[in-house]
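*Asks:* My structure is below; once you've seen it, I'll send some questions.
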Amino acid sequence: MKLFKFAIAALIVGGSVSGAHAGLILSDNFDGYADQAAFEAAWTPIGTVAPKSGVLSTAQSSSSPQSIQVPGTGTTSQYRNQRSFTETSTFSSSGNLGIGEKVIWSFDFYDSAPTGAPARNYSNLQDTTAPSGTNQLVSMGLNNNQSGANSGGQYYMARILGYTVPTTADPDGGPNESVGGASAYFKLNDFGVGSRSLGWHNLKAVITTNDGLSTDYEFYVDNVLAERVINIGSTSSIRSYDNIRIGSGLSNASTEAFFDNMHLEYVPEPSVLLLSSLASVALLFARRR
Ligand SMILES: [Ca+2]
Ligand SMILES: [Ca+2]
Ligand SMILES: [Ca+2]
């Protein structure tokens, strides 16, 4: 009985350690930076026209007291930052995104003008700092290729490099995209998701492959599934991500935005976790005997 309890405790401890630490790649609430210089040391300013960096700000926050402001501007090449990190592939047991494994990327986005025309305020998850191939860039936020009325109305938006957005009926039941095309921003408008509103919203992308032959995406708005995009690219375009950018670096038509709680994690296949926990328990029993 004692041994049994010990084994269960080991299973719980083993499970929680794997879940909590195995795949956390980046988690930044921007509240630990003492000043703008400290923020810029972690998130490199990559704008080329001053002011080059997003602004550490207390004007709005999802987690108090700070977030990153991208001020309203009519000028391109300002207010953009980049943070690089360990390749997501290094967290995979198979060397790259395996079947059943997940890359989960999310952040909080402050929408300052929910009834206005969508302006270029977004964040990118990227494979390389010069993405050019299919699936090398995933973006969430807002972009000006669609009007507020397009595609069923005011919704948050996403983009996948290399994915040609169709304007035919959406198989998941949302409004057709009014505007499509190669690598275009599309609206996250399915499954009864809410439309834009003033204030903070959580945007999340879950990146998987169900067959190892292409990449599948689920996009969530405030943790409600809002769009599915499946079977993008091929085996060779299943990507390993290594940097995140905040701010479009383009004119946002003088519409400010804020970003908070940037989060990126790698979730191994559940059965692998369970098997490794069970293996630990079996080893424990063997040792005790
Ligand atoms: Ca914060
Ligand atoms: Ca990479
Ligand atoms: Ca849709």
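The values are calculated or read from the model by the stated rules, or taken from the named source; none is laboratory data. This is a predicted model, so every value here is computed, not measured. Here Cβ is always computed from backbone atoms with ideal geometry, including for glycine, and neighbour counts include all displayed protein chains. Side chains are part of the model used for accessible areas, which takes the heavy atoms of the whole protein and leaves out ligands, DNA and RNA. Shrake-Rupley method; radii C 1.70, N 1.55, O 1.52, S 1.80 Å.
*Asks:* Go through (1) touching a residue at least 60 places away in the same chain (Cβ under 8 Å); (2) more than 16 Å from ligand 1 (Cβ to nearest atom) and name the single condition residue 258 misses.
*Replies:* Looking at each condition in turn, residue 258 falls short on (2).
*Asks:* Next question, about the same structure. Quick test for you: out of 231, 189, pick the one residue that is away from ligand 1 (no atom under 16 Å from the Cβ) and not in a loop (DSSP other than H, G, I, E, B). Reasoning before the result, please.
*Replies:* Numbers: 189 fails: not in a loop (DSSP other than H, G, I, E, B).
Criteria check complete, one pass: 231.
Here is a yes/no grid of residues against (1) in contact (Cβ under 8 Å) with a residue 24 or more places away in the chain; (2) within 16 Å of ligand 1 (Cβ to nearest atom); (3) under 21 Å from residue 43 (Cβ atoms); (4) in the same structural domain as residue 226 (by TED's automatic domain parsing):
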{"position": "80", "(1), (2), (3), (4)": "yes, no, yes, yes"}
{"position": "87", "(1), (2), (3), (4)": "yes, no, yes, yes"}
{"position": "95", "(1), (2), (3), (4)": "no, no, no, yes"}
{"position": "107", "(1), (2), (3), (4)": "yes, yes, yes, yes"}
{"position": "116", "(1), (2), (3), (4)": "yes, no, no, yes"}
{"position": "119", "(1), (2), (3), (4)": "yes, no, no, yes"}
{"position": "156", "(1), (2), (3), (4)": "yes, no, no, yes"}
{"position": "160", "(1), (2), (3), (4)": "yes, no, no, yes"}
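*Asks:* A further question follows. Tally time: how many residues in the stretch 234-272 are crowded, with 18+ Cβ neighbours inside 10 Å, part of a loop (DSSP other than H, G, I, E, B) and among the hydrophobic types (A, V, I, L, M, F, W, C)?
*Replies:* Total meeting the criteria: 2.
Residues are listed down the side, and each one gets a yes or a no for (1) open to solvent by 60 Å² or more (accessible area, probe 1.4 Å); (2) at pLDDT below 95; (3) of a type in the set (Ser, Thr, Tyr); (4) part of a loop (DSSP other than H, G, I, E, B):
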residue	(1), (2), (3), (4)
5	yes, yes, no, no
15	no, yes, no, no
18	no, yes, yes, no
31	no, no, no, yes
38	no, no, no, no
47	no, no, no, yes
56	no, no, no, no
62	no, no, yes, yes
77	no, no, yes, yes
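*Asks:* Here's a follow-up. Taking the residues in the stretch 154-175 that are open to solvent by 40 Å² or more (accessible area, probe 1.4 Å) and in contact with a Lys or Arg (Cβ under 9 Å, 6 or more places away or on another chain) as candidates, determine which candidate is nearest to ligand 3 (Cβ to nearest atom).
*Replies:* 175
*Asks:* Related question: Looking at 132, 151, 183, 178, which one is over 15 Å from residue 241 (Cα atoms), free of Cβ contacts under 8 Å to residues at least 60 places away in the same chain and open to solvent by 40 Å² or more (accessible area, probe 1.4 Å)?
*Replies:* 178
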